[in-house]
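The structure appears right after this line, and notes come after that.
The values are calculated or read from the model by the stated rules, or taken from the named source; none is laboratory data. Since we're looking at a predicted model, the values are computed, not measured. No Cβ is skipped: glycine too gets one built from the backbone with ideal geometry, and neighbour counts run over all protein chains shown.
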Amino acid sequence: MIDLLNALVVLSNYVLIPALAYGSQLALGALGVTLIYGILRFSNFAHGDTMAFGAMVTILVTWLFQGWGISLGPLPTALLAIPFGIAATAALLLTTDQLVYRFYRQQKAAPVILVIVSMGVMFVMNGLVRFIIGPNDQRFSDGERFIISAREFKKITGLSEGLAFKTTQGITIVTAVIVVIALFWFLNRTRTGKSMRAFSDNEDLALLSGINPDRVVMVTWLIVAGLAATGGALYGLDKSFKPFIYLQLLLPIFAAAVVGGLGNPLGAIAGGFVIAFSEVLITYPLKKVLGYLLPDRFEPDTLVQLLSTDYKFAVSFTILIIVLLFRPTGLFKGKSV
Amino acid sequence: MRKLLLATTAVALSAGAVSAEDIKIGVILGFTGPIESLTPQMGAAAEMAMAEVNASSALLGGSTVTSVRGDSTCIDAGAATAVAERLITSDGVKGIMGADCSGVTGAILSNVALANGIVMISPSATSPALSTAEDNGLFFRTAPSDARQGVVMTDVLLEEGIDTVAVTYTNNDYGKGLADSFQAAFEAAGGTVTINAAHEDGKADYSAEIGALAAAGGDRLVVAGYVDQGGSGIVRAALDSGAFDTFHFPDGMISAKLVENFGSDIDGSSGQVPGTDSAGAGIFAAMAGDDFDGTSPFAAESYDATALIVLAMQAAGSSDPAAYKDKVMEVANAPGLKIQPGQLGLALQAVAAGIDIDYEGATAVELIGGGESAGNYRQVGYEGGAEITVKYR
């Protein structure tokens, strides 16, 4: 019985909790990608760097607050700064839309052209972020580090394995749930949300029924700004902030959006967790877990690791390819790529 | 006009020792990149040696040496090669104090230094592979090979009663070389390495790597990485998940930054870094004074590397690398008059007068084999959130 508990704790500590937090971060990113794909009809490669920009503004405001001595007690000050990050990101995205995307929309440019345009925007945003905050690691977390630390857990339960649950992981998961509920309420219950869905389903019909396309586009960018800044800031808070990391994050985020079905918000969330759990589970060596579960005779000598951690990103690539081959519209019914 | 200039240069060269010249020495270090918190002190130490030489005006009939800095980036071989090429062809350096990290040092050596016949003395490249690299007698280092560090690490760990460790290394020439030489030495001494896994620098999240290391287990985690890069990320993730409580840090991790990052969380950990308790180390630290931290890793090695270049030039009576490369071993090793830091002027005069010298410098320099330091290490421990010196080996 104790062995079973120990195995469960090991698995939670190294797989379940980290994957849950990582999955929430991916889901927030994938939701932004999927909304842009559904409503503006292109794959936005600048999304990773939009997240970096939101996180950067959040960090700068956090430092300002820390300087003024404002804090949230046990919670990170960054939570107070996220609204400012969202506001700045919204301003950036609306400006970009006015300066760049609007032109191509009026031209009725093919989606592939918009994809390339978004790559250009990506490089500009990446440069902007590095120019303002520099290319290095930035730490901005404060407050209580752990909800429960491995050492405390061992002391309380008397188990030989520890379970650590970081405050940032808890906040990430809770925030993601709140944001997702709010988003679905907005899309399904409000007039603006319904008009966005109508616009996404059939643009011509939506225009005929008197929906203002400029307003839909603007609201979309505002929501995307909220998702990107929140997701970016939570990722930076939980792991560490470095401009280039958000560029690397683009692959799992797109994988999540595509796996779930591009344009389908529910799919983006499911996709985020599918990618996160496969990445973590496939690269996690099961030696310790099996050591507790199996009788001594069968205890494995090797690590029982399916794939070395070096190949983590290969997992999202592989899933992406398999889904595209066998189910091009994704697990949930989205648009085909 | 051009012919005239060439002719004058030729005359100046053949005149050698008698005419004073301004000798440029390249200081190629990773001023940006994964060890950027160490390089300012290293550069300052090299330039301190040059200032000392210039103040003595005893070099080659009153010649002066000037530093030309170049950024090796520590990891980008292409950028480092381009910088070295520029320093040699455009600035006309006569020797290179550098480079710092093993990968870029090997790249500069084989692509630029060999082709141009320029002497390189690296203060901090420690990969065992550089011992056997083709160098035409142009490459030296005042840092020991990691083959030696692997043995020292083994001794430190076994003496502390640790015989099972997990090893993670930064995925490059330095990390892999060190991890492999450590594993060989540790297993030969009867220890067990449960896993020897790489980590990539520059990632946000190392929890997957820690998962693998924790599954393999071990009494201590050996982190052969960089403090400004993934190394700190690994330690952070290990502490967060409670996978390992104590660590062993080789030279790339030992820095004031480590203590700043983790404070008392790493109490009970151990480590080692090239260093010596010889009289020279103290003199050097005092000389550095408030200008820079003289005990920072590889600062003393940088001073010594620069001094060796200058002394070899004096011994050869020429700043021509082809001539002075053969004198480096001679001035560095016994027999002869022992030279401490701060005595470069004296040393230059002694050499000019034909007296044999044995440069001890800040790190008790003794070059062995193909021209690398025999290696003295400072064993460090962590107590109460501070780094302490346990002993020297």
- Can you confirm whether segment B:201-210 contains a residue that is in contact (Cβ under 8 Å) with a residue 40 or more places away in the chain and either surrounded by 20 or more Cβ atoms within 10 Å (Cβ to Cβ) or in the same structural domain as B:ASP251 (by TED's automatic domain parsing) (or both)? yes
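Of all strands (runs of 3 or more DSSP E) completely enclosed by segment B:260-376, which ones contain at least 2 residues that are closer than 30 Å to B:ALA386 by Cα?
Ranges flagged: B:270-274.
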- Check whether at least one residue in segment B:292-299 is of a type in the set (Gly, Ala, Ser), surrounded by fewer than 24 Cβ atoms within 10 Å (Cβ to Cβ) and modelled with pLDDT of 90 or more, and report yes or no. no
- Restricting to segment A:158-182, what's the tally of residues that are exposed (fewer than 15 other Cβ atoms within 10 Å of the Cβ) and either more than 14 Å from chain B (Cβ to nearest Cβ) or assigned to a helix (DSSP H, G or I) (or both)? 6
- Could you check A:VAL259 against (1) away from chain B (no Cβ under 14 Å); (2) touching a helix residue (DSSP H, G or I) at 6+ places or on another chain (Cβ under 7 Å); (3) surrounded by fewer than 15 Cβ atoms within 10 Å (Cβ to Cβ) and say which number it fails? (3)
- Quick check: is even one residue across segment A:58-77 closer than 21 Å to A:ILE253 by Cα, touching a residue at least 60 places away in the same chain (Cβ under 8 Å) and aromatic (Phe, Trp, Tyr)? no
- Per the filter on segment B:379-389, residues in contact with a strand residue (DSSP E or B) (Cβ under 6 Å, 6 or more places away or on another chain) and crowded, with 17+ Cβ neighbours inside 10 Å are B:GLN379, B:VAL380, B:GLY381, B:GLU387
- For segment A:4-55, how many residues are away from chain B (no Cβ under 14 Å) and more than 24 Å from A:TYR292 (Cβ to Cβ)? 24
- Task: Could you check segment B:164-250 for strands (runs of 3 or more DSSP E) lying wholly inside it with 1 or more residues that are within 26 Å of A:GLU299 (Cβ to Cβ) and within 13 Å of another protein chain (Cβ to nearest Cβ)?
- Result: B:164-170, B:192-199
- Query: When you go through A:TYR292, A:TYR235 one by one, which is the residue that is within 11 Å of chain B (Cβ to nearest Cβ) and either hydroxyl-bearing (Ser, Thr, Tyr) or assigned to a loop (DSSP other than H, G, I, E, B) (or both)?
  - Reply: A:TYR235
- Task: State which residue is surrounded by the fewest Cβ atoms within 10 Å (Cβ to Cβ) when the search covers only segment B:23-55 and only residues that are in contact with a helix residue (DSSP H, G or I) (Cβ under 6 Å, 6 or more places away or on another chain) and more than 23 Å from B:SER90 (Cα to Cα).
- Result: B:SER37
- Filter result (without any contact (Cβ under 8 Å) to a residue 40 or more places away in the chain and in contact with a helix residue (DSSP H, G or I) (Cβ under 6 Å, 6 or more places away or on another chain)) within segment A:269-303: A:ILE282, A:THR283, A:PRO285, A:LYS287, A:GLU299, A:PRO300, A:LEU303
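Each row is one residue, and each column tells you yes or no for (1) of a type outside the set (S, T, N, Q); (2) part of a loop (DSSP other than H, G, I, E, B); (3) without any contact (Cβ under 8 Å) to a residue 40 or more places away in the chain.
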{"residue": "B:LEU59", "(1), (2), (3)": "yes, yes, no"}
{"residue": "B:THR73", "(1), (2), (3)": "no, yes, no"}
{"residue": "B:GLY78", "(1), (2), (3)": "yes, no, yes"}
{"residue": "B:THR81", "(1), (2), (3)": "no, no, yes"}
{"residue": "B:GLY103", "(1), (2), (3)": "yes, no, no"}
{"residue": "B:ALA113", "(1), (2), (3)": "yes, no, yes"}
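This table checks each residue for (1) over 19 Å from the mean Cα position of the chain (by Cα); (2) farther than 30 Å from A:GLY330 by Cβ.
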residue: A:ALA30; (1), (2): no, no
residue: A:LEU40; (1), (2): yes, no
residue: A:THR58; (1), (2): no, yes
residue: A:VAL61; (1), (2): yes, yes
residue: A:GLN66; (1), (2): yes, yes
- Residues satisfying the stated conditions in segment A:154-176, i.e. touching a residue at least 40 places away in the same chain (Cβ under 8 Å) and closer than 26 Å to A:LEU72 by Cα: A:LEU163, A:ALA164, A:PHE165, A:LYS166, A:THR167, A:THR168, A:GLN169, A:ILE171, A:THR172, A:ILE173, A:THR175, A:ALA176
- May I ask you to list the residues in segment A:142-157 that are more than 11 Å from chain B (Cβ to nearest Cβ) and not in a helix (DSSP H, G or I)? A:ASP142, A:GLY143, A:GLU144, A:ILE147
- Message: Against the definition (modelled with pLDDT of 95 or more and either farther than 30 Å from A:ILE113 by Cβ or hydroxyl-bearing (Ser, Thr, Tyr) (or both)), how does A:ILE70 come out, yes or no?
- Response: no
- Query: Would you call A:ILE82 away from chain B (no Cβ under 14 Å), more than 21 Å from the chain's Cα centre (by Cα) and among the hydrophobic types (A, V, I, L, M, F, W, C)?
  - Reply: no
- Query: Looking only at segment B:253-282, which residues are more than 23 Å from B:TYR169 (Cβ to Cβ), in contact with a Ser or Thr (Cβ under 9 Å, 6 or more places away or on another chain) and of a type in the set (A, V, I, L, M, F, W, C)?
  - Reply: B:ALA281
- Query: Among (1) in a helix (DSSP H, G or I); (2) more than 14 Å from chain B (Cβ to nearest Cβ); (3) surrounded by fewer than 14 Cβ atoms within 10 Å (Cβ to Cβ), which single condition is A:GLY210 missing?
  - Reply: (1)
